[in-house]
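Enquirer: Have a look at the structure that comes next, please.
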Amino acid sequence: MWRGVAAVRLLRPGGARAASGTAAVQLRQRLEKELEEIRGAGTWKNERVIASRQGPHLRLTGGGAGILNFCANNYLGLSSHPEVIRAAVEALEKFGAGLSSVRFICGTQSIHKDLEEKIARFHQREDAILYASCFDANAGIFEALLTPEDAVLSDELNHASIIDGIRLCKANKYRYKHMDMQDLEAKLQEAQKHRLRLVATDGAFSMDGDIAPLREICQLAQKYNALVFIDECHATGFLGPNGRGTDELLGVMDKVTIINSTLGKALGGAAGGYTTGPKPLIDLLRQRSRPYLFSNSLPPAVVGCASKALDLLMESNAIAQSMAAKTQRFRSKMTAAGFTISGKDHPICPVMLGDARLAAVMAEDMLNRGIYVIGFSYPVVPKGKARIRVQISAVHSDEDIDRCVEAFTEVGRKHGALP
Ligand code: PLP
């Protein structure tokens, strides 16, 4: 007890005085300096607190009501879909709050197996394995699959979790220029000396809304006897005629070997991730993948949400089509207003502004007009390429989209982004 109180005192300002020169005081000083540097660089991330469910219309704590939300990954609007919520409640009541266990000890229920089977069927793959997040799926796969005899070739703009996952493995690492097929080919030639080559790319890139040239990547992979891995977090559920993802959109479902994706964006938005692909790979991940072996099972309510989301998508592609129509409406109206929107046909619509300050003040002014969007600048995106990222959802109405475009036009004129 006494030791606990002393430890707390060390970390408090009062306690720090009494213990000056200790490691805890040095740590506090170092952290405060680092935090000040982040504030000074203008890259401090404030978290706005939402007092309502996730959806197109939000209430923020501290007053903001009726805010139009354009910055969630809730592409299909399933985060607050009544059937998804009901499925979560039913799973919670039937299967409990959680498993208090990892999968291989006593953490696997019938709903986990059913969801894995459903994911594999959705992607037309042999098997699937669940994780607590796609971050974990990306952290686990490369180390389990690749050895120092192998090579991984990764797009330079891949998501942080792919980069971290690759760091954890002992394979030979090649980084190719963003979507640059000449550079990928050169790197594949260099990597011929290794036993196995794995090309790793985001299917859709979240900062630019651009889609990986999977047809060309698969052709190169075939030519140089390589495997293809895609991260489909910003594609699963809505890209392609039936929402299967980038591989369906580009007609290469039979050429991509491994897919990692999330349950935390279009598929109900709760949490969770997965790998789907050949059965022996999934079997190996169950034996070797560290985030799977050493982390708790997905809670039943989360499994219930994702499972219902997949049912809805396998019944009909109407929701995905509605989102595509709204995306088209936003992109064409914004372009007509004079803005440059990066990417093509993707619900991630980055409004390119260039200047970091301009992106920040415009995003703030959009919120003053009741539109919630976020500005991104260096180091999240390259210097001089600041933008406001808008994300369209199936549950935005045409009026919501038009209100957003009008607000952008007013704010753009006011701050000099438009003539
Ligand atoms: N991969 C990509 C491309 C992402 O955008 C994200 C989430 O931001 C992740 C992986 C991680 O997904 P999760 O939230 O399920 O950990």
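The values are calculated or read from the model by the stated rules, or taken from the named source; none is laboratory data. Source: prediction; values computed, not measured. A quick note on method: Cβ atoms are made from the backbone with ideal geometry, for glycine too, and the neighbour counts reach across all protein chains shown. Just the protein is used for accessible areas: all its heavy atoms, side chains included, with ligands, DNA and RNA removed. Shrake-Rupley method; radii C 1.70, N 1.55, O 1.52, S 1.80 Å.
Enquirer: How much space per residue, in cubic angstrom, does the convex hull of the C-alpha atoms of region 22-82 take up? Could you put the intermediate results ahead of the total?
Expert: Values: hull volume 9.1 nm³, N = 61.
Each residue corresponds to 150 Å³ of Cα convex hull volume.
Enquirer: With no solvent and one point on each alpha carbon, what is the Debye value of log10 I(q)/I(0) for the chain at q = 0.08, 0.10, 0.12 Å⁻¹?
Expert: So the normalised log intensities are -0.50, -0.78, -1.08.
Enquirer: Could you sort the peptides 259-266, 135-142, 25-32 by per-residue average Cβ neighbour count (10 Å cutoff), highest mean leading?
Expert: Working: 259-266: 27.9, 135-142: 26.2, 25-32: 12.6.
Descending packing order for the listed peptides: 259-266, 135-142, 25-32.
Enquirer: Follow-up question, since we're still on this one. Kirkwood hydrodynamic radius, computed over distinct alpha-carbon pairs, for region 89-157: how many Å, to one decimal? The partial results should precede the final answer.
Expert: On the way: mean 1/r = 0.0679 Å⁻¹.
Averaging 1/r across every pair of different Cα atoms and inverting gives 14.7 Å.
Enquirer: Can you give the direction-averaged projected area of the convex hull of the alpha-carbon atoms in region 187-330, in nm²?
Expert: Details: hull surface 40.8 nm².
Quarter of the Cα hull surface area: 10.2 nm².
Enquirer: Now a separate question. Please give me the summed charge of the neighbours of THR335: other residues whose Cβ is under 12 Å from its Cβ, Lys and Arg +1, Asp and Glu -1.
Expert: Working: positive: ARG329, ARG331, LYS333, LYS344; negative: none.
Spelling it out: positives minus negatives among the neighbours equals +4.
Enquirer: If I ignore ligands, DNA and RNA and count only protein heavy atoms, how much of LYS223 is accessible to a 1.4 Å probe, in Å² to the nearest 10?
Expert: 140 Å²
Enquirer: So, one more: Dividing the convex hull volume of the alpha carbon atoms of region 140-182 by its residue count, what do you get in Å³ per residue? Before the final figure, lay out each step's value.
Expert: Numbers: hull volume 2.7 nm³, N = 43.
Per residue, the Cα convex hull of region 140-182 comes to 63 Å³.
Enquirer: If you don't mind, another one. Compute the Rg to Rh ratio over region 110-193 from the alpha carbon atoms, using the Kirkwood formula for Rh, and round to two decimal places.
Expert: Numbers: Rg = 15.3 Å, Rh = 14.4 Å.
Ratio value, two decimals: 1.06.
Enquirer: If you line up the Cα atoms of region 57-210 on their principal axes, what length do they span on each, largest first, in Å?
Expert: 54, 43, 30
Enquirer: Let me ask something else about it. Please give the solvent-accessible surface of ASP180 in Å², to the nearest 10, using a probe radius of 1.4 Å with every protein chain present.
Expert: Rounded to the nearest 10, that gives 50 Å².
Enquirer: Counting residues in region 271-419 as N, plug N into 2.2 N^0.38 Å and put the Cα Rg over that result. Mind dumping the intermediate values first?
Expert: Working: Rg = 20.0 Å, N = 149, 2.2 N^0.38 = 14.7 Å.
Rg over 2.2 N^0.38 Å, computed on Cα atoms: 1.36.
Enquirer: Right, something else. Please say if region 366-419 is rounded, prolate or oblate, where rounded means a/c under 1.5 for a ≥ b ≥ c the square roots of the C-alpha gyration tensor eigenvalues, and otherwise the choice is prolate for a/b larger than b/c and oblate otherwise? Don't skip to the answer; put the middle values down first.
Expert: Working: a/c = 2.45, a/b = 1.36, b/c = 1.80.
In terms of gyration-tensor shape, oblate.
Enquirer: Rounded, prolate or oblate: which one fits region 48-146, using the alpha carbon gyration tensor with axes a ≥ b ≥ c (rounded when a/c is under 1.5, else prolate when a/b beats b/c, else oblate)? If you can, show how the numbers build up before the last one.
Expert: On the way: a/c = 2.08, a/b = 1.69, b/c = 1.23.
Prolate, because a/c is 1.5 or more and a/b exceeds b/c.
Enquirer: How many Å³ per residue does the convex hull of the Cα positions in region 173-267 occupy?
Expert: Values: hull volume 9.1 nm³, N = 95.
In region 173-267, the Cα convex hull volume per residue is 96 Å³.
Enquirer: Less than 14 Å Cβ to Cβ from ARG244, Lys/Arg counted +1 and Asp/Glu -1: what total charge do the surrounding residues give?
Expert: Numbers: positive: LYS118, ARG121, ARG125, LYS255; negative: GLU232, ASP247, GLU248, ASP254.
Net charge in that neighbourhood comes out at 0.
Enquirer: In region 331-373, carbon and sulfur make up what percent of the accessible area (probe 1.4 Å)? Write down the numbers at each step before the final one.
Expert: On the way: 900 of 1770 Å².
Here it works out to 51 percent.
Enquirer: Can you give the Rg to Rh ratio of region 278-358, both from alpha-carbon atoms, with Rh computed by the Kirkwood formula? Before the final figure, lay out the partial values.
Expert: Working: Rg = 20.3 Å, Rh = 17.0 Å.
Computed over Cα atoms, the ratio is 1.19.
Enquirer: Please report, as a whole percent, how much of the solvent-accessible surface of region 60-182 comes from carbon and sulfur atoms (probe radius 1.4 Å).
Expert: Values: 2970 of 5600 Å².
Ligands and nucleic acids excluded, carbon and sulfur reach 53 percent.
Enquirer: Order of 378-387, 408-417, 235-244 by packing, highest average Cβ count within 10 Å first? The partial results should precede the final answer.
Expert: On the way: 378-387: 16.1, 408-417: 17.8, 235-244: 24.4.
Going from most to least packed, we get 235-244, 408-417, 378-387.
Enquirer: Could you give P(r) for region 237-297, binned at 10 Å from zero, as whole percent values over all Cα-Cα pairs?
Expert: In order of increasing distance, the bins hold 19, 44, 32, 6 percent.
Enquirer: Which whole-number value in Å² is the accessible area per residue of the chain, probe 1.4 Å? It would help to have the intermediate numbers written out before the result.
Expert: Working: 19760 Å² over 419 residues.
Using a 1.4 Å probe on heavy atoms only, each residue of the chain averages 47 Å².
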